[in-house]
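Presented below is the structure to which this report refers.
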Amino acid sequence: MGITYVEAEVGGPTGKRTSVRLLVDSGATYSLLPEAVWKAIELTPKRTMSFALADGTTIQRNVSECHMAFPQGEGHTPVILGEPGDEGLLGVVTLEIMGLVLNPFSRNLQPMRLLLMTAGLKGPSFK
């Protein structure tokens, strides 16, 4: 499997928007915005969370949320507020919120097959 990057437009609560290049990382839970990007769209920390790195090290990072848009769709998503040296990442939470998956052959984002379970439901009246 190769390395895949995508372009996204991100926006913050003040309406400021900018473009960002993100590495699609199926091993990352949350997406990460580089420091210059989240500061440009005026995000503020909402909470602090612990994250495990690939080597087992645990780090603390601030988390916020933003609007993220791709050619295939857009929506709101939680994001890690990157620190100096952090690269932009597109994680699985954002992919799932957007209803997207990475096609490993074409290396493009595409709509995922969404399932709706209706066990026990019999039509529009759910009494």
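Among the trypsin sites (Lys or Arg not before Pro) within the range 1-70, which fall in a DSSP loop and have no more than 14 other Cβ atoms within 10 Å of their own Cβ?
Sparse-neighbourhood loop trypsin sites (Lys or Arg not before Pro): 16, 46.
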Residues meeting the amide H criterion for residue 101 (H placed from the backbone, H to H distance under 5 Å, 5 or more places apart or on another chain) are 110, 112
Over the Cα atoms of the chain, compute the convex hull volume and normalise it per residue, giving Å³.
174
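For a quick check of your reading of the filter: which GluC sites (Glu not before Pro) in the range 2-59 sit in a DSSP loop and have no more than 14 other Cβ atoms within 10 Å? All intermediate terms of the calculation are to be shown ahead of the outcome.
On the way: sites: 7, 9, 35, 42; in loops: 42.
Listed in order of number, the matching sites are 42.
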Dipole size in debye (nearest 20) for the range 5-111 around its Cα centre, Lys and Arg Cβ +1, Asp and Glu Cβ -1?
180
Could you list 55, 25 so that the one with the fewest beta carbons within 10 Å of its beta carbon is first and the one with the most is last?
55, 25
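Only the coordinates and a few stated rules stand behind these numbers; no lab work does. Remember, predicted model here, so these are calculated numbers, not experimental data. A quick note on method: Cβ atoms are made from the backbone with ideal geometry, for glycine too, and the neighbour counts reach across all protein chains shown.
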